[in-house]
Amino acid sequence: MRGMTRYVALLRGINVGGHRRVPMAELRQVMTGLGWDSVATHLNSGNAVFSAGEAEPAALAGALEAALAEHFGFPVDCLVRSGQEMRDAQRRCPWPTADRDPAKLLVLFADRPVPAEALAGVDAARYAPDEFQADGREVYCWFPDGMGRSKLPDAVTAATRGLVLTGRNWRTVAKLVEMSS
């Protein structure tokens, strides 16, 4: 595996409510068919870790999107981060995580940097006690009372229209970092 880099693939909007089914075994097959090694999936929600030669993550995401569309017959937005980029995203969380419920801390991964002006119009006080902070291609969201009834995700998504976003809770982020190390 000399010269190989570990990457994380984040698929958006699959296996939700029985729609856009992408079985993880088939996802692993598609990824292996692209020449990627050591492919492993986590959960059933479109998280995969793999090794490939040095490449731009966006190019890997494009290759995966094309392969998935051909295999499954529908488009799937994909984001790819290097293992190092995932570790950096974990490290940059704006809040201490040791004493927070990982199910209530969400990271929204974006396909490109989130413009500060896009989120400037989201009145954080309106969504309190929920909080959010953008940093590069990630938006960190904290939901102390749980995410179920929060309107903050809709507000962030509306403000960042045009970006591809997909969210993972802190437990999943930590597991993907572990798998990609």
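The values are calculated or read from the model by the stated rules, or taken from the named source; none is laboratory data. Model, not experiment: these values are computed from the prediction. Positions of Cβ are backbone-derived with ideal geometry, glycine not excepted, and every protein chain shown enters the neighbour counts. Accessible surface areas use protein heavy atoms only, side chains included; no ligands, DNA or RNA. Shrake-Rupley method; radii C 1.70, N 1.55, O 1.52, S 1.80 Å.
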Around residue 124, under 11 Å between beta carbons, what's the net of Lys plus Arg minus Asp minus Glu among the other residues? -2
Give me the net charge of residue 57's neighbourhood, meaning all other residues with Cβ under 11 Å from the Cβ of residue 57; Lys, Arg count +1, Asp, Glu -1. -2
First compute the accessible area of the chain with a 1.4 Å probe, then give the percent of it belonging to carbon and sulfur atoms. 50
Which trypsin sites (Lys or Arg not before Pro) in region 125-181 pass both tests, a DSSP loop state and at most 12 other beta-carbon atoms within 10 Å? 149, 151, 161
On full extension of the chain, what length is gained from residue 74 through residue 19, given 0.36 nm per residue of separation minus the C-alpha to C-alpha distance? 18.7 nm
How big is the charge dipole of region 1-131 about its Cα centre, in debye rounded to the nearest 20, if each Lys and Arg gets +1 on its Cβ and each Asp and Glu gets -1 on its Cβ? 300
Solvent-accessible area of residue 43, probe 1.4 Å, all protein chains present, reported in Å² to the nearest ten, please. 100
19 Å reach of a label modelled at residue 56, 7 Å along Cα-to-Cβ, counting backbone N of region 150-181: 163-165
Counting only helical runs of four or more DSSP H residues, what would the 222 nm mean residue ellipticity of the chain come to if each run contributes -39,500 (n - 2.57) and the total is spread over all its residues? -9500 deg cm²/dmol
Peptides ranked, highest mean first, by Cβ atoms within 10 Å: ranges 98-105, 25-32, 6-13: 6-13, 25-32, 98-105
So, in Å, what gap is there between the alpha-carbon centers of region 120-136 and region 11-60? 31
Label-point gap, in nm, between residue 158 and residue 40 - each point 7 angstrom along Cα→Cβ: 4.1
Which whole-number value in Å² is the accessible area per residue of region 79-128, probe 1.4 Å? 53
Stretchable slack from residue 131 to residue 178, in nm (0.36 nm times residue separation minus alpha-carbon distance): 14.3 nm
So what is the relative contact order for region 61-181, in percent, with contacts set as C-alpha pairs under 8 Å and at least six apart? 31
Say each of residue 32 and residue 100 gets a label point 7 Å from the Cα, pointing the same way as Cα to Cβ; how far apart are those two points in nm? 3.7
Treating the chain as a set of equal point scatterers at the Cα positions, no solvent, please give the Debye-formula log₁₀ I(q)/I(0) at q = 0.10, 0.15 Å⁻¹. -0.39, -0.88
